[in-house]
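FYI, it's all coordinate maths here, none of it is from the lab. On a predicted model such as this, the values are computed, not experimentally measured, just so you know. Here the Cβ is made from the backbone with ideal geometry for all residues, glycine too, and neighbour counts use every protein chain on show.
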């Protein structure tokens, strides 16, 4: 009992001693960190090197959770126009001959067969939405018969009550391509314009543009663009955004969903005579990985709570993502009643190509990925995050930063103590053997600081993974780094004093 | 009061346990899905799937989901192609038990890849990707004993070499079609079957790996071709002249063929001569 006042006095002395040096450092570090945090909320600053640590951290978080959790997004089925699919459509090489270059366009007859297979799915096995990542407007000289076949299938699509919404990818071109002088984007005419214009139809145009950072890594998708059509200016929404809209039709898009800002402003922006292009798009919530040349990828299973089980039954395919060769699916279209459609039930079906002729591969935070798989990430990623990744609220970011600054200051204080202890140990073991000195390495302040930095980095990544699991992301790396650098500089300054 | 609370607690506990049991049972009975039937060649009626949970699909359709433990049977010359998660494409011509989904990603694997990308950000990661790939390549095999591009082997004594591709060792191979099956095992990918006298006919090779996965392939053994002489026999002038006379006669009466002409033409291949060339030669003499 007699010791307690002495101990309290000792603690008070320590606190006062700490407060004189550490509290000052904490306040300065926090102010610098908060300033950087404020700057990071400006998109132009975010795009600079200051945003790079957070992009790196986000990239690591994407990689860490890739293909591990199904989440509540609808599963996706990629009908892949792969090299095997193209092989079946090319003319056979005569003995003694040598192959000529394959056509640059996707075989329309194969796409028609694939769409016919989907169209004929019974009502209880139909997909939620179908997205075709191939521009039907691209001319196919010499293959008019197949183009007519495709149109025939699309005519039937509009007339089939059980057919799901069909989003067809389109490419717009600046009017200079057509001899004009402006920068307006022209959406060329196609042989199915009348089918898309049909207000009771189920076919929609969508664009598939994605946006890269300065390193060429695709991180965002373009939510919409303003295009000129024969009927005047129109909004050409992103295929991923449209697909998300159809997938979320039953539950509705949440009121606070970030994508709502695009939906509410697009019409007004495109009605202007010279709409400004969008500089920053919608973040792609990467979670599905399929690298170039990967054939053995396995994706996780749907959670038992997926609402689609009510319609599709428990025996439906449980994989959150599946890839099938388009050649096999086109062959299934010929099988008629001998083909099951259960694989399509309640899914986002994507028709696209990993074939080397189209060579549609882009660098993403996960790996070099096919364009259609990026679209799958964009669309189902919106579902996972309830309409887009939101920034962590500013008060939470500030609180976390203050906590991080406190930890940094505390860390420096601890390492300073350990450093003093380490110097004492070094003096004591000056004459000891090499191996005894090696045993002191963990107390080396440099090693300790690196260990703290490493732990802080992975703690940040863990927090980010947790936040992204709830549809949030937040910039903390650059502010924390700034706070830590400020703390280190003060530490050096104090040493000099 | 205490008794009521305890009873309520016990009831809640029992209900929770029952619910968990039911949920687990429901989970276990559901087909988790390990692949898809992508193609059925031949009569679909001779294909069947015996489900792991005891059910059966008498006449499976293409795009049908198959689950781990299902047994796919193909008879009557039918061939079923399965696309299996993490295992690629498997062709079934007799019976095949669907293997569990292989190579599912793990947090450790993802962390390894993430750290690897940070350490070597500008390097192509092919060697590491190969290590991370996880599942083996689908099981397959080649028969280097057969001439390249050929599915035929001349009759005689042969010790067949089976080169296994993919799968998981050790492997076993069985050769059937002769008087008695011939088999061998190997821990590596090369299996040398014991020498056997192979007569003309159709033979089947079945390779099985450690996981029970199997693939079959067929080849033919044919009777040896007639030996080709080292030196071509030259036609003698009297033979040609006799044939030319026969050809002249044949032109006058197309259905008439002389014995000499027939002999020359029929023997041409075994003499190492081109039959058409011999015919043209006879024709030129006849003019």
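May I ask for the distance between the Cα centers of the range B:152-177 and the range A:358-390, given as a whole number of Å?
45 Å
Report D for the range A:27-99 in µm² per second (integer): Stokes-Einstein, Kirkwood Rh on Cα pairs, 10 °C, 1.306 mPa s.
Stokes-Einstein gives a translational diffusion coefficient of 88 µm²/s.
What nm value, rounded to one decimal, do you get for the distance between residue A:455 and residue A:420 when each label is placed 7 Å out toward the C-beta?
2.1 nm
Once the Cα atoms of helix A:24-40 and of chain A are each reduced to a long axis, what angle between those two axes, in degrees from 0 to 90 to the nearest 10, is obtained?
10 degrees
Working from the alpha-carbon coordinates of the range A:63-135, get Rg over Rh, Rh being the Kirkwood radius. Spell out each step's value before the answer.
On the way: Rg = 17.6 Å, Rh = 15.9 Å.
Rg divided by Rh gives 1.11.
Modelling each spin label as a point 7 Å along the Cα-to-Cβ direction, I'd like the residue B:210/residue A:271 distance in nm, to one decimal.
Label-label distance for residue B:210 and residue A:271, simple model: 6.9 nm.
Which log10 I(q)/I(0) values, to two decimals, does the range A:302-372 give at q = 0.13, 0.26 Å⁻¹ under the Debye formula with one point per Cα?
Log-scaled intensity ratios, in q order: -0.54, -1.17.
If one computes the Cα centroid of the range A:318-347 and of the range A:394-453, what distance in Å separates the two points?
Cα centroid of the range A:318-347 versus Cα centroid of the range A:394-453: 59 Å apart.
Over the range A:122-276, what relative contact order in percent results from Cα pairs under 8 Å that are six or more residues apart? It would help to have the intermediate numbers written out before the result.
Numbers: 219 pairs, mean separation 32.5, N = 155.
Result for the range A:122-276 is 21 percent.
So if I take the centroid of the Cα atoms in the range A:53-124 and the same for the range A:191-250, what is the distance between those two points in Å?
With the range A:53-124 and the range A:191-250 each reduced to a Cα centre, they are spaced 19 Å.
Against the longest principal axis of chain A, how steep is helix A:371-384, in degrees 0 to 90 to the nearest 10, with axes from Cα atoms?
Taking the Cα atoms of chain A, the angle to A:371-384 is about 60 degrees.
Can you put A:269, A:136 in order, fewest other beta carbons within 10 Å first? Write down the numbers at each step before the final one.
Numbers: A:269 16, A:136 23.
By the 10 Å Cβ count, ascending, the order reads A:269, A:136.
Which value, in Å³ per residue, describes the convex hull spanned by the Cα atoms of the range A:102-244? Write down the numbers at each step before the final one.
Numbers: hull volume 20.6 nm³, N = 143.
Output value, Cα hull per residue: 144 Å³.
Would you please give the FRET efficiency between residue A:444 and residue A:294, computed as 1/(1 + (r/R0)^6) with r the Cβ-Cβ distance and R0 = 45 Å, to the nearest 0.05? Mind showing how you got there, number by number?
Numbers: r = 42 Å, r/R0 = 0.94.
Taking R0 as 45 Å, the efficiency between residue A:444 and residue A:294 is 0.60.
So, R0 is 45 Å and r is the distance between the beta-carbons of residue B:41 and residue B:275; what FRET efficiency does that work out to, to 0.05?
Numbers: r = 38 Å, r/R0 = 0.85.
Once the sixth-power term is evaluated, E becomes 0.75.
Share of antiparallel DSSP beta bridges in chain A, in percent to the nearest 5? The partial results should precede the final answer.
On the way: 18 of 45 bridges.
If I count the DSSP bridges inside chain A, around 40 percent turn out antiparallel.
Please arrange A:63, A:261 by how many other C-beta atoms lie within 10 Å of their C-beta, fewest to most. Don't skip to the answer; put the middle values down first.
On the way: A:63 23, A:261 12.
Ascending number of Cβ neighbours within 10 Å: A:261, A:63.
What percent of all Cα-Cα pairs in the range A:263-314 falls into each 10 Å bin, going from 0 up to the bin containing the maximum distance?
15, 23, 22, 24, 15, 1
Given a Förster radius of 41 Å and the C-beta distance between residue B:50 and residue A:138 as r, what FRET efficiency does 1/(1 + (r/R0)^6) yield to the nearest 0.05? Please list the in-between numbers first.
Values: r = 47 Å, r/R0 = 1.15.
In this case the efficiency is close to 0.30.
Between residue B:81 and residue A:264, what is the label-point separation in nm under the 7 Å Cα-to-beta-carbon projection?
The two pseudo-label positions are separated by 5.1 nm.
Using only alpha carbon pairs under 8 Å that are at least six residues apart, calculate the relative contact order of chain A and give it in whole percent. Spell out each step's value before the answer.
Numbers: 764 pairs, mean separation 134.9, N = 497.
Reported as a whole number, the value is 27 percent.
Which length gain, in nm to one decimal place, applies between residue B:71 and residue B:159 when the Cα-Cα distance is subtracted from 0.36 nm times their residue separation?
Details: separation 88, 0.36 × 88 = 31.68 nm, distance 3.26 nm.
In short, 28.4 nm is gained.
If contacts are Cα pairs under 8 angstrom and at least 6 residues apart, what is the relative contact order of the range A:125-167 in percent? Show your work: numbers first, answer last.
On the way: 20 pairs, mean separation 33.1, N = 43.
Value for the range A:125-167: 77 percent.
Taking every Cα atom in the range A:69-385, find the radius of gyration and the maximum pairwise distance Dmax, and write them in Å.
19.3, 65
Divide by every residue of chain A the summed helix terms, -39500 (n - 2.57) for each DSSP H run of at least 4, and state the resulting mean residue ellipticity at 222 nm, rounded to the nearest 500 deg cm²/dmol. Could the numbers behind the result be given before it?
Values: 17 runs with 222 residues, N = 497.
Calculated from helices alone, the mean residue ellipticity at 222 nm is -14000 deg cm²/dmol.
Within 10 Å of each Cβ in A:291-304, how many Cβ atoms from other chains are there, averaged over the peptide? Numbers along the way, then the final one.
Working: counts 2, 0, 2, 2, 8, 13, 8, 12, 5, 3, 5, 2, 0, 4.
The shielding value for this peptide is 5.
Percent of Cα-Cα pairs more than 25 Å apart in the range A:9-146, please.
On the way: 6245 of 9453 pairs.
Pairs farther apart than 25 Å: 66 percent.
What share of Cα pairs, in percent, lie more than 13 angstrom apart in the range A:189-234?
Working: 707 of 1035 pairs.
Of all Cα-Cα distances in the range A:189-234, 68 percent exceed 13 Å.
Order these by the 10 Å Cβ neighbour count, fewest first: A:200, A:341. Walk me through the numbers before you get to the answer.
On the way: A:200 6, A:341 18.
Ordered by Cβ neighbours within 10 Å, fewest first: A:200, A:341.
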